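Visitor: After the structure tokens below, expect a handful of questions from me.
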Amino acid sequence: MPPNSPPAANDVCLLPAAVEEAWSTLVSSRFVNPSLLRNEIACSWQRSLSYALDPLTAAPPPHAVCLKALERHATLVAAAKPHMQQLFEFLQGKNYIVMLFSAEGHIINSFGDKDMISIAEALNIHPGADHSERLIGTTAPGISLVRRIPIQVYKQEHYSLWSQEWCSSAAPIFNGRHDLLGAINVANIDIRRHPAEILNLVQLAADGIGAEFSCRYLQKEHKKLASYLSTVADSVSDSLIIFDKTDEIIHINKNAQQILGANAHKFIGRPAHDLIANYTAAKEGLNAGREWAELHFFASSQVVTLDARLKALRADSLEAPGIVGILQKQQKSTRAPVPVRYGFRDFVFSSKPVARLIEDARHVADTEHTILIQGESGTGKEVLSQAIHRSSSRRNKPFVVINCAALPKELIQSELFGYESGSFTGAEKGGKAGKFELADGGTIFLDEIGDMPLEAQANLLRVLQEKKIVRIGGVRPREINVRVIAATNRELLQDVAAGRFRSDLFYRLCVINLRIPPLRDRREEIWTLMEYFVDKASGGHADLHKIRFSKPAKAALKAYAWPGNVRELENAVICFLAKMRDGTVTLNELPPQVSSAKEKTSSNPADDLRAVERRTIEQAMLECSGHISNAARLLGTSRSTLYRKLKQYGL
């Protein structure tokens with residue numbers, strides 16, 4: 001090697017003469033020459049001078065063990081221990097010591113070879129000692145804590161004389177929020193510099209400790225919050241059950257345990273779907289704006305049915321962090337009829353198709369005909385059914401709603417038709433009236449009829465034909481006087497063709513067919529509806545005409561297809577009213593799915609014609625109750641052509 005070449009990092013060598021010269025100047029004149037030092041070292045020496053520290057100190061100042069520091073950082077010590085052990089195992093037998101420092105500079109744990117531990121303790125280097133830069137001057141952990149950087153310090157780069165035999169590699173430790181927790185340091189007595197790999201290992205250990213600490217901290221906070229939650233939930237008079245965003249049950253208070261007849265350990269930590277037969281349907285109902293639901297619990301050896309008011313927990317994110325349910329025992333006298341809030345005057349519209357629909361509905365409201373309402377989710381099928389009931393001679397009688405999709409197969413018969421006492425395990429003493437009995441004299445609204453299981457469809461058909469029901473476990477027919485309104489968002493004729501819905505039940509239900517057009521087919525009503533929803537959401541304090549819409553926002557509102565229909569439009573209005581500033585709505589104030597909508601720049605006339613043809617055929621089939629010959633005559637075409645078109649359009 002040429003005599004003037006710099007030494008390799010791992011070679012045995014004295015420190016560069018420049019550092020020796022800089023330290024001599026420091027000792028003689030208390031002056032730091034930054035041209036002879038690394039910037040981090042020069043800055044640390046300058047700070048050490050400002051602390052009035054003597055560089056000729058032969059030993060670190062003795063300090064009593066700070067037990068409070070050890071206790072205060074117990075979580076950090078526990079999180080760091082496995083990582084420090086792993087790091088020490090890699091270095092074991094090479095005379096290293098591994099030390100953990102608090103953010104204030106206290107040593108709070110150490111691992112090392114026996115000889116190194118003895119040397120360190122003789123120099124007051126032990127857990128509980130204060131080794132901050134303010135007290136002992138420049139060291140690797142001192143700089144790491146002050147500058148929040150990983151660094152190696154060796155030999156005469158140390159400020160104090162007593163530490164100049166040491167070489168150290170240190171890295172700061174941060175939690176998940178990048179708060180400084182402390183530092184980890186590897187040190188030994190050697191005239192060689194630490195290889196770069198040592199600092200890399202120390203950095204990896206610091207990262208691991210930070211992640212472990214954050215995890216342990218969150219677990220501790222979770223346990224604390226769970227304890228608070230349990231205390232608060234058990235102190236209220238309501239019966240509460242709480243689900244997280246993954247639909248796992250995370251709490252059930254004592255009152256809820258009592259009415260379900262089961263201990264908390266049966267519920268907590270288990271998926272809701274395993275314990276509640278119709279949880280999926282109830283959650284879908286909540287997403288659609290229906291807070292009340294019947295929940296069917298598999299508790300003990302029986303099914304327990306309770307009324308539940310469900311509420312989505314609030315959060316800053318778009319996704320709700322969970323659901324809380326308030327459980328109630330069902331009351332026979334009040335649980336079934338639903339208050340009728342809507343009439344025809346509550347419809348807000350400006351399009352001819354909806355005007356014709358309302359006119360037809362008014363005309364048939366006071367008849368006894370069964371009605372099938374078809375329309376996509378969010379178009380207002382239940383609102384229309386309530387308006388029909390309210391305009392009928394049955395207006396002062398019960399209006400009973402049953403969601404056919406929300407009932408499990410094993411319970412739908414008892415819910416519709418009731419049961420006699422002792423007919424099955426868990427049956428109420430004295431029996432229970434079904435929904436048809438509760439609706440006697442009034443109207444029963446069968447929502448989501450397309451999702452009713454096939455085996456229940458046969459019994460429903462018999463009731464519609466005979467106007468009588470027989471309770472489960474009973475033999476005596478009970479006459480009922482009920483007007484049936486059914487609704488679905490499915491194309492029932494397609495389900496009939498596929499064998500998913502009974503054709504005889506379809507024709508029995510579809511005496512009068514009312515189809516609510518989706519919002520995308522009556523876009524002229526969007527601004528009329530928005531005006532109504534703005535007034536409703538603001539309590540009359542806002543006026544749509546005084547709200548300014550940016551051009552991109554207007555274009556997005558116009559281009560969006562509104563798959564959630566009127567309900568989605570109302571939610572969009574609530575969203576931009578809550579977020580807008582200075583009376584202006586931009587893309588930022590619209591829901592993400594609306595703001596990303598792009599207006600079609602071109603249209604294919606052939607596609608438009610096919611859409612018109614498909615709707616015409618579909619309407620003809622409905623008007624003719626699925627009779628091919630009659631529909632063909634109505635359309636002025638042959639049966640074979642109609643069959644081909646039905647297949648072409650998937651009808």
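Visitor: Considering Pro453, Pro518, which residue is open to solvent by less than 70 Å² (accessible area, probe 1.4 Å) and at pLDDT below 90?
Guide: Exactly one of Pro453, Pro518 is open to solvent by less than 70 Å² (accessible area, probe 1.4 Å) and at pLDDT below 90, namely Pro453.
Visitor: Right, here's the next one. Is it true that Ile107 is at pLDDT below 95, of a type outside the set (Ser, Thr, Tyr) and open to solvent by 10 Å² or more (accessible area, probe 1.4 Å)?
Guide: So Ile107 fails the test.
Visitor: Find all pairs meeting these conditions: Cβ atoms under 7 angstrom apart; at least six residues apart or on different chains; first residue within region 19-44 and under 21 Å from Arg134 (Cβ atoms); second residue among the acidic types (Asp, Glu) and in a helix (DSSP H, G or I).
Guide: The qualifying pairs are Ile41/Glu157; Ser44/Glu133.
Visitor: Going residue by residue through region 544-553, is there one that turns out to be under 21 Å from Ile388 (Cα atoms) and open to solvent by 30 Å² or more (accessible area, probe 1.4 Å)?
Guide: The answer is no, given that none of the residues of region 544-553 is under 21 Å from Ile388 (Cα atoms) and open to solvent by 30 Å² or more (accessible area, probe 1.4 Å).
Visitor: State which residue is most open to solvent (accessible area, probe 1.4 Å) when the search covers only region 232-260 and only residues that are under 15 Å from Asp274 (Cβ atoms) and among the acidic types (Asp, Glu).
Guide: The extreme case among them is Glu248.
Visitor: Quick one: which helices (runs of 4 or more DSSP H) sit completely within region 584-651 and have at least 2 residues that are under 24 Å from Trp562 (Cα atoms) and either open to solvent by less than 70 Å² (accessible area, probe 1.4 Å) or at pLDDT below 75 (or both)?
Guide: It comes to 592-595, 605-623.
Visitor: Would you mind finding the one in Glu376, Glu368 that is assigned to a loop (DSSP other than H, G, I, E, B), open to solvent by 20 Å² or more (accessible area, probe 1.4 Å), touching a residue at least 12 places away in the same chain (Cβ under 8 Å) and more than 14 Å from Pro518 (Cα to Cα)?
Guide: So the residue among Glu376, Glu368 that is assigned to a loop (DSSP other than H, G, I, E, B), open to solvent by 20 Å² or more (accessible area, probe 1.4 Å), touching a residue at least 12 places away in the same chain (Cβ under 8 Å) and more than 14 Å from Pro518 (Cα to Cα) is Glu368.
Visitor: Further question: Is there a residue being at positive phi and open to solvent by less than 30 Å² (accessible area, probe 1.4 Å) anywhere in region 120-133?
Guide: Checking region 120-133: at least one residue is at positive phi and open to solvent by less than 30 Å² (accessible area, probe 1.4 Å).
Visitor: In region 444-492, what residues are β-branched (Val, Ile, Thr) and within 15 Å of Phe417 (Cα to Cα)?
Guide: Result: Ile444, Val463, Ile469, Val470, Ile472, Val475, Ile480, Val482, Val484.
Visitor: Scanning region 330-344 for residues that are touching a helix residue (DSSP H, G or I) at 6+ places or on another chain (Cβ under 6 Å) and at pLDDT 55 or above, which turns out surrounded by the fewest Cβ atoms within 10 Å (Cβ to Cβ)?
Guide: Restricting to residues being touching a helix residue (DSSP H, G or I) at 6+ places or on another chain (Cβ under 6 Å) and at pLDDT 55 or above, the top hit is Gly343.
Visitor: Now, a different point. Mind listing whichever residues of region 345-365 are farther than 23 Å from Phe436 by Cα, open to solvent by 10 Å² or more (accessible area, probe 1.4 Å) and out of contact with any Phe, Trp or Tyr (no Cβ under 8 Å at 6 or more places or on another chain)?
Guide: Listed by number, the residues that qualify are Arg345, Asp346, Phe347, Phe349, Ser350, Lys352, Pro353, Arg356, Leu357, Glu359, Asp360, His363.
Visitor: Being modelled with pLDDT under 80, in contact with a Phe, Trp or Tyr (Cβ under 9 Å, 6 or more places away or on another chain) and farther than 18 Å from Arg462 by Cβ narrows it down to one of Glu382, Glu410, Glu428, so name that one.
Guide: Only one candidate qualifies: Glu428.
Visitor: Residue pairs, Cβ under 9 Å, 6 or more apart or interchain, first in region 510-522 and part of a helix (DSSP H, G or I), second hydrophobic (A, V, I, L, M, F, W, C) and crowded, with 16+ Cβ neighbours inside 10 Å. List them.
Guide: Pairs that qualify, where the first residue is part of a helix (DSSP H, G or I) and the partner is hydrophobic (A, V, I, L, M, F, W, C) and crowded, with 16+ Cβ neighbours inside 10 Å, are Leu519/Ile526; Leu519/Leu529; Leu519/Trp562; Leu519/Val566; Leu519/Leu569; Arg520/Trp562.
Yes/no per residue for (1) outside any helix (DSSP H, G or I); (2) touching a residue at least 60 places away in the same chain (Cβ under 8 Å); (3) acidic (Asp, Glu):
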residue	(1), (2), (3)
Ala486	yes, yes, no
Leu493	no, yes, no
Gly499	yes, no, no
Arg508	no, yes, no
Glu524	no, yes, yes
Gly539	yes, no, no
His545	no, no, no
Pro552	no, no, no
Ala555	no, no, no
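Visitor: Checking the structure you have, find out if any residue of region 267-278 is among the acidic types (Asp, Glu), at pLDDT below 90 and over 30 Å from Gly105 (Cα atoms).
Guide: yes
Visitor: Quick one: which of Pro61, Pro82, Pro55 is outside any helix (DSSP H, G or I) and open to solvent by 10 Å² or more (accessible area, probe 1.4 Å)?
Guide: The match here is Pro61.
Visitor: What's the number of the condition Ile485 fails, among (1) of a type in the set (A, V, I, L, M); (2) surrounded by fewer than 21 Cβ atoms within 10 Å (Cβ to Cβ); (3) in contact with a His (Cβ under 8 Å, 6 or more places away or on another chain); (4) at pLDDT 90 or above?
Guide: Of (1) of a type in the set (A, V, I, L, M); (2) surrounded by fewer than 21 Cβ atoms within 10 Å (Cβ to Cβ); (3) in contact with a His (Cβ under 8 Å, 6 or more places away or on another chain); (4) at pLDDT 90 or above, only one is false for Ile485: (2).
Visitor: Looking at Phe445, is it under 23 Å from Leu306 (Cβ atoms), at pLDDT 90 or above, of a type in the set (Phe, Trp, Tyr) and not in a helix (DSSP H, G or I)?
Guide: yes
Visitor: Can you name the condition, by its number, that Ser144 falls short on among (1) among the polar types (S, T, N, Q); (2) farther than 26 Å from Lys68 by Cα; (3) buried (at least 24 other Cβ atoms within 10 Å of the Cβ)?
Guide: (2) is the only condition that Ser144 fails.
The values are calculated or read from the model by the stated rules, or taken from the named source; none is laboratory data. On a predicted model such as this, the values are computed, not experimentally measured, just so you know. Glycine also receives a Cβ, built like all others from the backbone with ideal geometry; neighbour counts cover every protein chain displayed. Ligands, DNA and RNA are excluded from the accessible area calculation, which covers all protein heavy atoms including side chains. Shrake-Rupley method; radii C 1.70, N 1.55, O 1.52, S 1.80 Å.
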